[in-house]
1. Given the conditions (1) modelled with pLDDT of 95 or more; (2) part of a helix (DSSP H, G or I); (3) touching a helix residue (DSSP H, G or I) at 6+ places or on another chain (Cβ under 8 Å), report the number of the one that Phe274 does not fulfil.
2. Against the definition (at positive phi and exposed (fewer than 14 other Cβ atoms within 10 Å of the Cβ)), how does Lys213 come out, yes or no?
3. Look at region 159-179 and say how many of its residues are under 26 Å from the mean Cα position of the chain (by Cα) and among the β-branched types (Val, Ile, Thr).
4. So if I check each of Glu163, Glu229, Glu159, which one is outside any helix (DSSP H, G or I) and either out of contact with any Pro (no Cβ under 6 Å at 6 or more places or on another chain) or at negative phi (or both)?
5. Looking at Ile268, Ile199, which one is more than 23 Å from the chain's Cα centre (by Cα) and buried (at least 19 other Cβ atoms within 10 Å of the Cβ)?
6. If I ask for residues that are under 23 Å from the mean Cα position of the chain (by Cα) and of a type in the set (D, E, K, R), which ones from region 202-260 would you list?
7. Among the residues that make up region 188-206, is at least one of them closer than 17 Å to Thr63 by Cβ, in contact with a Gly (Cβ under 7 Å, 6 or more places away or on another chain) and assigned to a loop (DSSP other than H, G, I, E, B)?
8. From (1) without any contact (Cβ under 8 Å) to a residue 24 or more places away in the chain; (2) part of a helix (DSSP H, G or I), pick out the condition that doesn't hold for Ser255.
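The values are calculated or read from the model by the stated rules, or taken from the named source; none is laboratory data. Not measured: the values here are computed from a predicted model. Every residue, glycine among them, receives a Cβ derived from its backbone with ideal geometry; neighbour counts consider all protein chains shown.
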Amino acid sequence: MEQKTVVDTSLRELRRHGSDDFPIGIYRDDFSEFEHGQIAWHWHDEIQFAYIIKGTILVQVGTSEFVLKPGESIFINTGMLHRLVPVDEKRRELINSESDTHVIDSFVCSWKLAESDRLSRAYRECVAPLLLAKTDGFALSKEESQLLRKMAEQYRKKETGYEMAVKGCLCLLWASLVEKGISAARQISLKEERDLARIKDAMTYMQQNFSCKVSLEDVAQVVAISKSELCRCFRRVLKVSPMEYLIQFRLEEASRQLLSTDKSVTQIALETGFDSPSHLGRFFLKEFGCTPRQYRGRKR
């Protein structure tokens, strides 16, 4: 069964990472096991690091894009909308990962693992500046990437005292980020911050109403901006139009229902916002290279 990043209607990830007394989750993510071979748009309150094991990965964080290769890693700040997609390095295009050709280690943790007391000097001088710097994300150095690799090894072995070892690596990593200066990282402008907030609201509305008739004007009214400005926001951040995003979401929902239910293609088409089975089939063929029935037969 394919994995899926489970989110609420605001795209906030619902998965719990770690526990209250050890708030970190470290995962080996094989893109071939994810729905459509990618980690879809989402956000969470926790900070995240990602270390590339295999393949070339495009990491989109807000309006920023990073193309990372094996041995490279990235920091993603709290609350930032992001997604990770495999890239064909030769053709420089996005692909759906097959087999285990694209693999990463993901580190999702609360800042409390580094320093739990908001009143402490360590929090004020080391933790807060990074969390509050309005930085979306940035690539890490070779030395910082090696700390992540060491953290993953300690976490998986779970030898006596591994919690302290993992926390120690995280603190060293955090100290390195502070030492080289938060100012070295790209800061989000007020315009970008506003764009991201609008996009979250628009995506929430479309996900809540994807099965109904939804027009560009409907979405623009919800976000309280013009249709042209809404399109510019989506193009700047997601690189697609609002209606293209809505079609992609409907296709994802249709593909999920094809595999998890015995509903007819006609019923699925109408329940996911398409006018007819042929309407669904046309977009489905363009996106997946096969008809809905062929998709169901191949994946089951």
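1. (2)
2. Working: at positive phi: no; exposed (fewer than 14 other Cβ atoms within 10 Å of the Cβ): yes.
So Lys213 does not fit the description; no.
3. 2
4. Details: Glu163 fails: outside any helix (DSSP H, G or I); Glu229 fails: outside any helix (DSSP H, G or I).
Every option except Glu159 fails the conditions.
5. Details: Ile199 fails: more than 23 Å from the chain's Cα centre (by Cα).
Going through Ile268, Ile199 in turn, just one is more than 23 Å from the chain's Cα centre (by Cα) and buried (at least 19 other Cβ atoms within 10 Å of the Cβ): Ile268.
6. Residues satisfying the conditions are Arg232, Arg235, Arg236, Lys239, Glu244, Arg250, Glu252, Glu253, Arg256.
7. Just the residues of region 188-206 that are closer than 17 Å to Thr63 by Cβ, to begin with: 188-203.
With in contact with a Gly (Cβ under 7 Å, 6 or more places away or on another chain) added as a condition, the list becomes 188, 192, 196.
Then keep just the ones that are assigned to a loop (DSSP other than H, G, I, E, B); that gives 188.
Checking region 188-206: at least one residue is closer than 17 Å to Thr63 by Cβ, in contact with a Gly (Cβ under 7 Å, 6 or more places away or on another chain) and assigned to a loop (DSSP other than H, G, I, E, B).
8. (1)
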